[in-house]
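Reading through the structure tokens given below for one structure.
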Amino acid sequence: MHRNQRHLGSRRLLAFAALSLFVLAACNGNSTTTTSSAIKIGILSDCLGDFGSFYNDDLGGALAVLNAHYGGKASGSLPKDGMTGVKIAGKDVQIVGFGCSDSTASKAIEETRRLVEQLGADILIGPLSGDEGIAVANYAKTQPNKTFLNGISGAQDATLKVQAPNFFRFNPDGAQWSSGLGDYAYNTLGWRTAAVIGDDYAFPYTSLAGFIAEFCSIGGNVTNRIWPPLGTTDYSSFITQIPKGLDGLFVGVGGAGLITFLKQYQQLNGPLNTKHIMGNTFWPDPQLLKAIGTPMVGAVAASGIAADDTSPQTIAYKQELAIYPATQADAASVFTLGYWSAMTALGLALTKVNGDLSGGQKALQAALASTVVDGPYGKISLDSNRQAVFDNWIVQITAPAAGSQVPGIHTILQVPKVDQTFGGFFSSTTPPPDRTNPTCTKKTPPPWVGHETPVSFS
């Protein structure tokens with residue numbers, strides 16, 4: 001082969017390699033064409049596993065904010081199709097990609113690295129689930145010049161223990177979401193003994209911890225804690241572990257597993273006795289109510305959402321979601337609300353700093369720490385660990401409206417100013433929620449016990 005032929009071959013190989021890299025980048029990114037000075041955002045959620053059905057609700061909650069306030073134009077009928085044309089504080093904003101996780105920490109970190117390290121996201125919104133949130137918060141410590149806003153994951157450790165200075169959570173953790181239920185079970189339903197059941201991972205540990213801490217502080221006794229693995233499809237052996245004769249059962253199974261659990265529970269025990277069973281923030285979710293239907297009527301749950309609220313903020317929130325009708329139909333889902341809250345906070349903070357990401361994003365991070373989101377169900381502020389402080393709600397599931405098969409929601413009580421420590425129950429030095437912690441101990445109750453506010457929306 002002549003020298004010029006070898007050189008020609010080398011040039012062709014280099015050109016092919018460059019073209020391949022260009023095509024790969026185009027496939028992994030969003031279709032927006034931007035300059036290198038654009039603000040680059042990645043969004044991480046679950047499109048696989050028990051929470052995969054909420055994927056477009058999560059993405060839709062975030063992207064609806066960009067459409068309503070920052071000029072974003074949907075690239076298709078579904079949120080996962082992407083969005084272009086976004087500008088915040090006069091700066092182009094590029095959605096570099098969407099992460100697809102499966103509720104596991106390993107997959108969440110794999111997708112986080114892809115979005116941040118390969119696609120160049122300056123800011124990440126996500127993830128969805130508890131173990132994922134702890135992992136991403138720890139990863140944030142290795143990327144101090146990037147900013148991370150939680151999606152909707154609710155494991156306590158992500159903020160209370162990890163305390164990454166560039167990780168911000170504008171949604172409650174699982175314990176906060178359960179606030180008020182221990183008091184309601186003990187003082188309204190008359191429970192004195194109870195069992196709890198939840199998926200065997202970080203979020204249900206936190207969710208059940210809130211109920212246990214509150215119920216036991218008043219004088220209740222949690223006798224059994226049952227932990228089916230996440231992804232269980234046959235709950236019968238776990239249901240038979242629930243003792244007979246107890247006053248109540250608190251259920252922290254989530255996602256698609258909750259639908260399966262409740263159907264199998266009824267097969268083994270008959271119709272739900274809603275005075276003796278209650279659930280966490282997953283129970284009032286529109287997807288669950290549609291799947292289970294009227295057997296849920298009368299059940300009480302705690303939620304970060306008062307779905308029957310008719311305030312101007314709630315109406316405006318639902319209108320923002322109209323760009324994606326399926327997401328709007330799930331407006332009363334904490335998954336939709338969590339990603340909406342994170343993007344709302346980010347937009348406010350970026351506007352405050354004029355879109356400036358220089359200096360390792362320290363100005364943006366300081367702005368986020370002081371941002372208050374005027375959400376559809378009340379204001380959300382952050383504590384010193386960058387964790388949400390908010391009002392929780394006790395809701396009751398009601399009969400379907402005329403012409404509908406889907407139960408409704410009636411909000412009973414407002415639980416004011418719930419902080420992550422539960423008024424001192426939890427701290428950075430207390431054992432993290434797990435299969436056996438917290439212990440069931442009678443002590444001074446959380447400050448909201450006995451001070452919940454009756455609700456009547458007009």
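The values are calculated or read from the model by the stated rules, or taken from the named source; none is laboratory data. These numbers were taken from a predicted model, which means no experiment stands behind them. Don't worry about glycine lacking a Cβ; one is built from the backbone with ideal geometry, like all the others, and counts go over all protein chains shown.
Here are some notes:
- Any hit, segment 235-247, residues being crowded, with 23+ Cβ neighbours inside 10 Å, within 18 Å of GLY180 (Cβ to Cβ) and touching a helix residue (DSSP H, G or I) at 6+ places or on another chain (Cβ under 9 Å): no
- Flag if ALA326 is within 19 Å of ASP92 (Cα to Cα), assigned to a helix (DSSP H, G or I) and hydrophobic (A, V, I, L, M, F, W, C): no
- Residue in segment 399-412 that is within 23 Å of ALA158 (Cα to Cα) and either touching a residue at least 40 places away in the same chain (Cβ under 8 Å) or crowded, with 19+ Cβ neighbours inside 10 Å (or both) present: no
- Residue match in segment 214-225 (condition: in contact with a helix residue (DSSP H, G or I) (Cβ under 9 Å, 6 or more places away or on another chain) and closer than 25 Å to PHE51 by Cα): yes
- Within segment 156-178, considering residues that are in a loop (DSSP other than H, G, I, E, B) and within 11 Å of the chain's Cα centre (by Cα), the one surrounded by the fewest Cβ atoms within 10 Å (Cβ to Cβ): ASN171
- Residues (in contact with a strand residue (DSSP E or B) (Cβ under 8 Å, 6 or more places away or on another chain), without any contact (Cβ under 8 Å) to a residue 60 or more places away in the chain and of a type in the set (Val, Ile, Thr)) located in segment 104-136: none
- Matching residues, segment 419-438, being closer than 30 Å to PRO454 by Cβ and touching an Asp or Glu at 6+ places or on another chain (Cβ under 7 Å): ASP419, GLN420
- Segment 133-151 - residue that is of a type in the set (Gly, Ala, Ser) and within 23 Å of THR344 (Cα to Cα) and, of those, surrounded by the most Cβ atoms within 10 Å (Cβ to Cβ): GLY151
- Some residue of segment 74-83 being of a type in the set (Asp, Glu) and crowded, with 23+ Cβ neighbours inside 10 Å: no
- Looking across segment 191-212, just one residue is of a type in the set (S, T, N, Q) and surrounded by fewer than 24 Cβ atoms within 10 Å (Cβ to Cβ), and that is THR193.
- Residue list for segment 413-440, filter: surrounded by fewer than 18 Cβ atoms within 10 Å (Cβ to Cβ) and either in contact with a Lys or Arg (Cβ under 9 Å, 6 or more places away or on another chain) or farther than 24 Å from GLY130 by Cβ (or both): PRO416, SER428, ARG435, THR436
- The number of residues in segment 40-65 being of a type in the set (A, V, I, L, M, F, W, C), buried (at least 24 other Cβ atoms within 10 Å of the Cβ) and either out of contact with any helix residue (DSSP H, G or I) (no Cβ under 7 Å at 6 or more places or on another chain) or not in a helix (DSSP H, G or I) (or both) comes to 4.
- Residue that is farthest from SER341 (Cα to Cα), among those in segment 118-132 that are in contact with a Gly (Cβ under 7 Å, 6 or more places away or on another chain) and crowded, with 24+ Cβ neighbours inside 10 Å: ALA121
- For segment 293-308, the criterion of being in a strand (DSSP E or B), crowded, with 16+ Cβ neighbours inside 10 Å and hydroxyl-bearing (Ser, Thr, Tyr) is met by at least one residue.
- Residue-level check: of (1) under 23 Å from GLY154 (Cα atoms); (2) in contact (Cβ under 8 Å) with a residue 12 or more places away in the chain; (3) among the hydroxyl-bearing types (Ser, Thr, Tyr), SER381 misses just (2).
- Selection within segment 97-146 - within 25 Å of ASP356 (Cα to Cα) and either of a type in the set (Asp, Glu) or not assigned by TED's automatic domain parsing to the domain that holds LYS80 (or both): GLU117, ASP122
- Test: residue in segment 446-453 that is aromatic (Phe, Trp, Tyr), touching a strand residue (DSSP E or B) at 6+ places or on another chain (Cβ under 7 Å), assigned to a loop (DSSP other than H, G, I, E, B) and not assigned by TED's automatic domain parsing to the domain that holds ILE134: yes
- Once segment 288-327 is narrowed to residues that are hydrophobic (A, V, I, L, M, F, W, C) and closer than 20 Å to GLY82 by Cα, the residue that is modelled with the lowest pLDDT is ALA326.
- Residue within segment 128-145 that is in a strand (DSSP E or B) and either within 18 Å of the chain's Cα centre (by Cα) or at pLDDT 95 or above (or both) present: no
- Selection count, segment 199-252, where residues are modelled with pLDDT of 95 or more, more than 24 Å from VAL418 (Cα to Cα) and aliphatic (A, V, I, L, M): 4
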